[in-house]
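Each remark here refers to the structure printed beneath this line.
The values are calculated or read from the model by the stated rules, or taken from the named source; none is laboratory data. Small disclaimer: the values here were computed from a predicted structure and weren't measured. Here Cβ is always computed from backbone atoms with ideal geometry, including for glycine, and neighbour counts include all displayed protein chains. Please note that ligands, DNA and RNA were not included when accessible areas were found on the heavy atoms of the full protein model with its side chains. Shrake-Rupley method; radii C 1.70, N 1.55, O 1.52, S 1.80 Å.
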Amino acid sequence: MADTYDLIVLGSGPGGYVGAIRAAQLGLKVAIVERERLGGICLNWGCIPTKALLRTSEIYHYMTHAAAYGLTVEKPGFDLAAVVQRSRKVADQLNAGVKGLMKKNKITVYEGDGALAGKSKLTVTKDGKTTELAAKNIIVATGARARDLPFAKADGERIWTYRHALVPKEMPTKLLVVGSGAIGVEFASFYSDLGAEVTIVEMLPRILPVEDEEVSAFVHKAFEKQRMKIEVGAGVEKLEASKTGVKATIKSKDGKTATSEFSHVIVAVGIVPNTENIGLEALGVKTDRGHIVVDGYGRTNVDGVLAFGDVTGPPWLAHKAMHEAVVCVEKLAGVKDVHAFTNANIPGCTYSRPQVASVGLTEAKAKEAGYKVKAGKFPFIGNGKAIALGEAEGFIKTVFDEATGELLGAHMVGAEVTELIQGYTVARELETTEVELMGATFPHPTLSEMMHESVLAAYGRTLHI
């Protein structure tokens, strides 16, 4: 006989475990299935451990620039193994926290490979043993994995994915980063700050291509100032790994091909949804380029099968998956007035040095959509707190609809902007206009004052520039 539940969640990443918790809070009998570690990629191999590593490189950067703060540090150095160990301890602590949350909410955890086995059925296989589960509704939250280059698969020795880059066996001396999305530039920042010679290759015309063009340009210049080499409009055509390094053949934007030697390569060219071998085809669940197709409530074309998170498509963000999970489960449980999920107000954050954060439309996208825009920009150099922190490089940009005053988007680059962006995210969720933002009081001295000044700048009313 199969173990029976109201809801089974396949995958325990940020979306999966949050969805399971919310379902349990709403009175459902819930099981969750995980083949690796509770918390999924984000908690164990992504968002959290990378931030632990980046915190270390940030502190090391300050140590090597201590004189700027009137401090003296003799011969700063680091122990790479200890740096990695700290990041793993952080991940382990949070993994244990998720285990505690499962127990607290009386959610049954099954370890193993899960697969849909017919309507309302799911099997879990581990160590050759199979357990049968049953539930009226099954949520697929299996996430995604790193995409390999077709001509050079990661070996964990010289060619790395993000998982290898999180637990390096040795410190790269000359590092090639292929791809300049959030993952690529974060690792570029980390290893550069620890002393590696870093080259970034991006096939599109600019790095961080989903961000506002001015933000991309600023980061490009900042990275070059940090002695990184950046090639845009370029592609890696060949990687030849040996025991001592990697020979990379790179075609530049002018069509010329050159070969360079690197100690290591990080491949950050996107992700692949984990939809293979989980029974989707047999049930006829619709997919698009590997991603499961869902509506605004996480419902697929097959009754009783739902999905959310990275497995359903971009943006591939943990906080998006969490929010989708709550919407999906609340609708499933019959909660009233649940609004369909949209990506419109999902912020994006990149924890490089400098940090990048954004929400809503870029200025270019707003114009493409037909808006007549008012855009305002305020620099960090005009903010007292930024100067006092020694972090006077960066800016905040806001984009408004001239006709209505609607905040169409906000784009930031500089210190701690990943903590500031939520103010604009809430403003967009509340459908705030420039009137409310101008009238709001921002504490002094704070970095958040730049948010106010950026809004004022859009209407020609800046006070401190």
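Below is a table of values for the structure above.
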item: With every protein chain in place, the chain: carbon and sulfur % of accessible area (1.4 Å); result: 53
item: Size of charge dipole - the chain - debye, nearest 20, with Cβ of Lys, Arg +1 and Asp, Glu -1, no other charges; result: 940
item: Neighbour-limited loop hits for trypsin sites (Lys or Arg not before Pro), region 319-397 (at most 16 other Cβ within 10 Å; DSSP other than H, G, I, E, B); result: Lys336, Lys372
item: Two-decimal ratio, region 350-389, of alpha-carbon radius of gyration to 2.2 N^0.38 Å; result: 1.58
item: Trypsin sites (Lys or Arg not before Pro) within region 33-115, DSSP loop, no more than 11 other Cβ atoms inside 10 Å; result: Lys106
item: Mean projected area in nm² (Cα convex hull; one quarter of hull surface) for the chain; result: 25.0
item: Count of Lys pairs (Cα-Cα under 26 Å; at least 8 positions apart or interchain) in region 303-408; result: 15
item: Listed peptides 67-74, 163-170, 285-292 by packing density, highest first (mean Cβ within 10 Å); result: 163-170, 285-292, 67-74
item: Within the chain, percent of DSSP bridges classed antiparallel, to nearest 5; result: 60
item: The chain - accessible surface per residue (Å², probe 1.4 Å); result: 48
item: Sequence-distant aspartates and glutamates (8 or more away, or on other chains) whose Cα lies within less than 13 Å of Lys136; result: Asp3, Asp6, Asp303
item: 5 angstrom amide H check on Ala144, placed H, neighbours 5+ away; result: Asn274
item: Distance violations [Cα-Cα > 20 Å] among Lys153/Lys221; Lys174/Lys225; Lys169/Lys238; result: Lys153/Lys221; Lys169/Lys238
item: Given charges at Cβ of Lys, Arg, Asp, Glu: the chain dipole, positive-most of Pro445, Pro205, Gly376; result: Pro205
